[in-house]
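**Student:** Below is a structure I'd like to ask you about.
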Amino acid sequence: MAAGGFIVDDNQTNRCRQMNRPVSNGAMGKVFHRRTGDAASRVFHRRTGDAAGRVFHRRSVCAFFRPLLFLLLFFAVFSLTGCTQTDEVTETETPETEARLQIGLSFDSFVIERWLRDRDMFVSTAQSLGADVNVQVAGGDVDEQISQIEYFIQKKMDVIVIIAVDGDALKDVVNDAISNGIRVICYDRLVYDVDADLYISFDNRQVGVLMAETLISACPEGGDIVAIYGSPTDLNVDDVVDGFTSTLEGSGLNIIYSAYCDNWLAELAFDYVNEGLEITNDIVAVMCGNDDLASQAIKALSENQLAGEVTVVGQDAELSACQRIVEGTQEMTVYKSVEEEAMVAATLAVALARGEDITSEDCAWPVTETIDSGSYEVPYYKLDPVAVTADNIDEVIIAGGYHSRDDVYLNIRDEE
């Protein structure tokens with residue numbers, strides 16, 4: 001409550017209320033109750049309403065002493081610890097605690113296991129740096145995500161971080177955020193044709209390269225393969241496909257069937273593998289856009305008695321995928337340190353909110369590259385993916401602390 005240019009400390013006010021003590025507004029001779037505004041000469045008992053001058057029984061106090069009692073009460077009020085003028089601050093004397101930065105974090109969905117890891121690391125890092133994070137989840141609905149971003153704009157967030165459902169459909173609302181002076185980070189997926197402040201992701205083309213290289217190594221004699229790509233609205237998928245198909249050229253591996261899974265819906269992978277097997281059941285491999293798709297692809301292979309015989313690759317290093325790798329039904333997954341991505345993104349988000357130059361060498365994580373978003377060159381922080389197979393899973397996944405050994409080898413009897 002502000003009175004006469006002063007700001008009353010609400011915590012001290014509450015303590016005063018509990019002790020039935022008035023709070024000073026700094027005006028000499030007047031001590032106002034927080035709610036009633038009564039002067040000290042009329043400070044009332046909290047429950048009975050008796051005036052301060054009538055705290056003692058009437059019959060036991062002579063009228064001669066009443067003025068003296070009022071005077072003693074007046075000075076006692078000003079001497080009470082924690083309720084005096086020293087608890088009041090002005091903006092020029094003792095500034096209020098600096099307002100915490102506000103970051104809006106909009107997720108596509110939590111269907112993919114890794115996003116929960118991203119969320120937890122991002123939020124904890126941002127909070128440790130003095131920012132509050134408002135997390136919204138669109139459930140794979142682009143209209144819902146647009147509504148959430150509009151909400152962030154209305155709330156005047158300092159930074160909005162977006163894991164896009166559809167990199168094309170968000171263009172207008174993201175540009176609206178930018179025009180309102182809000183910093184925008186495209187997290188893991190680029191929003192097309194916007195002048196975002198940062199795009200942070202892994203080298204998605206390299207993800208496709210690693211998948212293809214694994215298949216070439218596992219299938220040296222070549223053969224027919226099925227390719228199950230991710231969501232067509234995820235612009236990263238284009239980079240993965242480019243890296244994958246260009247690396248396969250001249251390898252002897254032929255894509256006889258390919259399809260995209262709208263909104264990364266895993267059940268579609270089950271249907272697509274069966275459709276590929278209708279063309280020929282003599283396939284040597286299945287490329288899957290992520291490990292969730294791989295789970296359904298392997299289910300289809302299993303029903304056709306081909307699980308473990310057909311090489312399968314995916315990405316994200318989900319626990320179930322790591323378990324399949326040691327069991328022998330999935331050849332490889334691409335590990336991406338999502339904790340590192342989330343930590344760097346949160347750190348850079350706070351830096352942007354503070355008006356710092358994230359391309360400077362003085363930045364904790366300097367951004368040195370750019371990427372073409374269609375009309376703009378967007379600052380790009382690129383991280384490197386790692387191919388994980390049975391040969392290095394202990395070193396990369398277990399020793400790295402991403403999953404525990406007990407969890408990874410849950411379905412494998414310990415032979416030691």
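**Student:** Trypsin sites (Lys or Arg not before Pro), restricted to segment 310-391: which are DSSP loop and have at most 16 other Cβ atoms within 10 Å?
**Tutor:** Loop-located and lightly packed - ARG354.
**Student:** Residue by residue, what Karplus-based ³J(HN,Hα) values in Hz, rounded to whole numbers, does segment 212-223 have, using 6.51, -1.76 and 1.60 with θ = phi - 60° and x for Gly and Pro?
**Tutor:** 5, 4, 5, 5, 4, 5, 7, 10, x, 8, x, x
**Student:** I'd like the chymotrypsin sites (Phe, Trp or Tyr not before Pro) in segment 372-411 restricted to DSSP loop residues with at most 10 other Cβ atoms within 10 Å, sorted by number.
**Tutor:** Passing sites in segment 372-411 do not exist.
**Student:** Using θ = phi - 60° and the Karplus form 6.51 cos²θ - 1.76 cosθ + 1.60, what ³J(HN,Hα) does each residue of segment 150-166 get, whole Hz, x for Gly and Pro?
**Tutor:** 4, 4, 4, 5, 4, 7, 6, 4, 6, 9, 10, 10, 10, 9, 6, 6, 9
**Student:** How large is ³J(HN,Hα), in whole Hz, for each residue of segment 345-357 in order, when computed from phi with the Karplus curve 6.51 cos²θ - 1.76 cosθ + 1.60 and θ = phi - 60°, using x for Gly and Pro?
**Tutor:** 3J(HN,Hα) across segment 345-357, in whole Hz: 4, 5, 5, 6, 5, 5, 4, 5, 4, 8, x, 7, 8.
**Student:** P(r) for segment 123-208: what percent of alpha-carbon pairs falls in each 10 Å bin, starting at zero?
**Tutor:** 17, 50, 29, 4
**Student:** Using Cα pairs under 8 angstrom and six or more residues apart, how large is the relative contact order of segment 129-219, in percent?
**Tutor:** It comes to 21 percent, rounded to a whole number.
**Student:** Report the calculated FRET efficiency for LYS155 and GLU340 (r = Cβ-Cβ distance, R0 = 30 Å), to the nearest 0.05.
**Tutor:** Plugging the Cβ-Cβ distance into 1/(1 + (r/R0)^6) gives 0.55.
**Student:** If you take the beta carbon distance between ASP394 and SER128 as r and set R0 to 30 Å, what does 1/(1 + (r/R0)^6) give as a FRET efficiency, to the nearest 0.05?
**Tutor:** FRET efficiency, ASP394 to SER128: 0.45.
**Student:** Still on this model: Excluding ligands, DNA and RNA, what is the solvent-accessible area per residue of segment 319-416 at a probe of 1.4 Å, expressed in Å²?
**Tutor:** The answer is 51 Å² per residue.
**Student:** Also, I was wondering about something else. So which GluC sites (Glu not before Pro) in segment 197-294 end up in coil per DSSP with only 16 or fewer other C-beta atoms within 10 Å?
**Tutor:** Passing both the DSSP loop test and the Cβ count: GLU221, GLU249.
**Student:** Additional query: Can you give the FRET efficiency for SER147 and GLU221, using 1/(1 + (r/R0)^6), R0 = 60 Å, r = Cβ-Cβ distance, to the nearest 0.05?
**Tutor:** Working from the Cβ atoms, E equals 0.70.
**Student:** Measuring from centroid to centroid over Cα atoms, what is the spacing of segment 219-268 and segment 372-409 in Å?
**Tutor:** Going from one Cα centre to the other spans 20 Å.
**Student:** Taking all pairs of different Cα atoms in segment 286-416, averaging 1/r and flipping that mean, what Kirkwood radius in angstroms comes out?
**Tutor:** 17.0
**Student:** Just the number, please: Stokes-Einstein D of segment 144-298 in µm²/s, Kirkwood Rh from C-alpha pairs, 20 °C, 1.002 mPa s.
**Tutor:** 126
**Student:** Now, a different point. What are the lysines whose alpha-carbon lies under 25 Å from the alpha-carbon of LYS299, with same-chain residues fewer than 8 places away excluded?
**Tutor:** Partners within reach: LYS336.
The values are calculated or read from the model by the stated rules, or taken from the named source; none is laboratory data. None of the values given here were measured: they were computed from a predicted structure. Ideal geometry is used to build each Cβ from the backbone, glycine not excepted, and the neighbour counts take in all protein chains shown. Protein only, heavy atoms only, side chains kept; ligands, DNA and RNA dropped before computing areas. Shrake-Rupley method; radii C 1.70, N 1.55, O 1.52, S 1.80 Å.
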